[in-house]
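The values are calculated or read from the model by the stated rules, or taken from the named source; none is laboratory data. Here the structure is a predicted model, which is why all the values come from computation and not from measurement. When we count neighbours, we look across all protein chains shown, and the Cβ atoms used for this are built from the backbone with ideal geometry, even at glycine. The accessibility values were calculated without ligands, DNA or RNA, using every heavy atom of the protein model including side chains. Shrake-Rupley method; radii C 1.70, N 1.55, O 1.52, S 1.80 Å.
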Amino acid sequence: MAVFAPGGSGPIRVPTGLVVLVGPPASHKTSFVRALIARRQIAEEAVVSSDEIRAEFAPTSPGAPDSDAADARIFEERDRRIVARLAAGQTAVAESTNVTPPARARLIAIARRFDAPVTMLRFTPDVGDLLRQHAERGRPDVTAAQVHTSAAVMARHATAHQLRSEGATAVHDVPGRGRATTPAEAAARFWFS
C-alpha cells in the first residue's frame, strides 16, 4: 500500500537541502535512512549520523565517551560535514534525535547560511512501540528511561506546528510500526530530488 503526498499526487517530494530527522532513540531513523540508501534515493555520504561520528571518534576520544567535550566535538564534526554538503549544493541528512528546539535551531542556522530548504521528517511511534524497538535493538549505551524521556520531550517540543514555526520548509511524519509500515515501506513514500 502506497501513501502519497496530499492530493494523491505521488510520493512526497523532498528537495535538495537539509533533511532533519526528528525522533527519539529506537524510532527507526537509522533503518529508514538505510532503506533510502538501499533504494538509491540518497547517497550514503548524504547521511550525517552523530552515532556514526561518535563511533569514528571512540578510539581516539580522550575521557569518557559521553562527556560534554566529546559530545561537542562530535556535533562540531557533524556540522562541518553538513556544511560541506550544503556548500556543494547536495542534500545532507542530519541523523540524530533532534527532539529539542536548540538542537534543531543549530541545524536550521546552518541551512540558512546556504539558503537551503529544511525538510523535517518526524518519527512518532507510541511509547510502547518505542520501548519494544529499543529492547529489540540491544543498545546498552541508551536506556529505556532515556528513550521514554526523549519521547516525552519530543511530544512537548517537536509538533509539526512547532517545527514549522522554527523554520522548517516542510514537515512530514514517517510512518512506522504503529501503522504496520516497515522502514523500507516508509522510504518508498518519499522521493528525494
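Below, the figures for the structure above:
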item	result
Every residue from the range 10-25 that is open to solvent by 10 Å² or more (accessible area, probe 1.4 Å) and of a type in the set (V, I, T)	I12, T16
Of residues in the range 137-167 being in contact with a Ser or Thr (Cβ under 7 Å, 6 or more places away or on another chain) and under 30 Å from D115 (Cβ atoms), the one surrounded by the fewest Cβ atoms within 10 Å (Cβ to Cβ)	V153
Whichever residue in the range 73-100 is part of a helix (DSSP H, G or I) and either open to solvent by less than 10 Å² (accessible area, probe 1.4 Å) or touching a residue at least 40 places away in the same chain (Cβ under 8 Å) (or both) and, among such residues, is farthest from V47 (Cα to Cα)	I74
Hits in the range 65-117 (condition: among the aromatic types (F, W, Y) and in contact with a Gly (Cβ under 9 Å, 6 or more places away or on another chain))	F114
Qualifying position, being modelled with pLDDT of 95 or more, under 25 Å from Q133 (Cα atoms) and small (G, A, S), among A94, A88	A94
Some residue of the range 121-140 being at pLDDT 90 or above, touching a strand residue (DSSP E or B) at 6+ places or on another chain (Cβ under 9 Å) and either more than 16 Å from E95 (Cβ to Cβ) or not hydrophobic (A, V, I, L, M, F, W, C) (or both)	yes
Given (1) of a type outside the set (S, T, N, Q); (2) open to solvent by 50 Å² or more (accessible area, probe 1.4 Å); (3) out of contact with any Leu (no Cβ under 6 Å at 6 or more places or on another chain); (4) in contact (Cβ under 8 Å) with a residue 12 or more places away in the chain, number of the condition A109 does not satisfy	(4)
Evaluation of I74 against (1) among the aliphatic types (A, V, I, L, M); (2) at pLDDT below 95; (3) within 17 Å of the chain's Cα centre (by Cα); (4) within 25 Å of R177 (Cβ to Cβ) (one fails), failing number	(4)
Residue ID - modelled with the lowest pLDDT, chosen from residues in the range 1-55 that are among the hydroxyl-bearing types (S, T, Y) and under 21 Å from V118 (Cβ atoms)	S27
When residues of the range 56-71 are limited to those that are part of a helix (DSSP H, G or I) and open to solvent by 20 Å² or more (accessible area, probe 1.4 Å), the one modelled with the highest pLDDT	E56
Filter result for H134 (open to solvent by 20 Å² or more (accessible area, probe 1.4 Å), touching a residue at least 40 places away in the same chain (Cβ under 8 Å) and either under 24 Å from E52 (Cα atoms) or basic (K, R) (or both))	yes
